[in-house]
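Since every read-out is calculated from the coordinates, none of them should be taken as a lab result. Being a predicted model, the structure only gives us computed values, none of them experimental. Cβ coordinates were reconstructed from backbone atoms using ideal geometry, including for glycine residues, and neighbour counts include every protein chain displayed.
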Amino acid sequence: MKYCYECGTKLMVKECEGEGTIPFCHTCQVFRFPIFSTAISTAVLNSQRDKVLLIQQYNIQGFILLAGYVNKGESAEQTLVREVKEEVGLQVDEYQYMRSEYFERSNTLMLNFVSIVNDDQLDVLSTEVDQARWFTLEEAKQAILKNSLAESFLLTIIEKIEAGLI
């Protein structure tokens, strides 16, 4: 953030006790802490935990994990359940938080989960989803969009599944 979101003044970096150097607006006389979006992504697994659901969106060739932005007043867990239901019509029965990573391109903190569904029927797809398919874990490694945050999250989850931790 280079400019104050209240008055538009160019921000200067200033020492903030206990926080380090933080952008400061000399006009408003306040520190301007970073503002960013928050979203979830999830590897949706079938109940046997041997298949993962990947989707394609917006005419992009590679498959990705299901994801969505956290709405104001909503927890990450509520977002997870809502997004899976909205995008592919499935009910999440279990979930586990995995890790987070900042995604600079969209200024978003991504909170990654693994989720389990009992019903694997893909009868209802949102207009946001071009295609949704179940893949074995090995197939998913090949199908996931290469060098993406989705690939990084997926590979970590597959390692944990193979180690018996999920």
Averaged over all viewing directions, the convex hull of the alpha carbons in segment 1-52 casts a projected area in nm² of 6.1
Over the chain, what relative contact order in percent results from Cα pairs under 8 Å that are six or more residues apart?
-> 23
Per residue of segment 55-61, in order, report the coupling 6.51 cos²θ - 1.76 cosθ + 1.60 (Karplus, θ = phi - 60°) as ³J(HN,Hα) in whole Hz, putting x for Gly and Pro.
-> 10, 10, 9, 6, 6, 8, 5
When we measure straight from the Cα of K51, which lysines land under 20 angstrom away, once same-chain ones fewer than 8 places off are left out?
-> K85, K141, K146, K160
Out of residues 5 or more away from K51 or on other chains, whose amide H comes under 5 Å of its own, with H placed 1.01 Å from N in the peptide plane?
-> N46
Selection of GluC sites (Glu not before Pro), segment 1-52, meeting DSSP coil and at most 14 other Cβ within 10 Å | E6, E17, E19
Ordered by number, the trypsin sites (Lys or Arg not before Pro) in segment 74-166 that occupy a DSSP loop and have at most 10 other Cβ atoms within 10 Å are K146
Lys and Arg at +1, Asp and Glu at -1: add these up for the other residues within a Cβ distance under 15 Å of N112 and post the number.
-> -3
Within the under-15-Å Cβ sphere about C4, not counting C4, Lys/Arg +1 and Asp/Glu -1 give a net charge of +3
Exactly which GluC sites (Glu not before Pro) in segment 124-166 are in a DSSP loop and have at most 11 other Cβ atoms within 10 Å?
-> none
Once you sort the root eigenvalues of the Cα gyration tensor of segment 100-158 as a ≥ b ≥ c, which label holds: rounded (a/c under 1.5), prolate (a/b larger than b/c) or oblate (the other case)?
-> prolate
In a shell of Cβ-Cβ distance under 13 Å around A140, excluding A140 itself, what net charge do Lys and Arg (+1) and Asp and Glu (-1) give?
-> -1
Expressed as cubic angstrom per residue, what is the convex hull volume of the alpha carbon set of the chain?
-> 149
Correct response: the longest run of the chain lacking exposed chymotrypsin sites (Phe, Trp or Tyr not before Pro), defined by DSSP loop and at most 14 other Cβ within 10 Å, is 59-166
Calculated from backbone phi, Karplus (6.51, -1.76, 1.60) coupling profile of segment 148-153 in Hz, x at Gly/Pro | 10, 4, 4, 5, 4, 4
Mean projection of the alpha-carbon convex hull of segment 62-126 over all orientations, in nm²?
-> 5.2
In cubic angstrom per residue, the convex hull of segment 29-103 built on its Cα atoms measures 138
Spacing of the two label points (7 Å from each Cα toward its C-beta) at I22 and Y5, in nm = 1.4
Those lysines that a straight Cα-Cα span of less than 17 Å connects to K2, excepting residues fewer than 8 apart in one chain = K10, K14
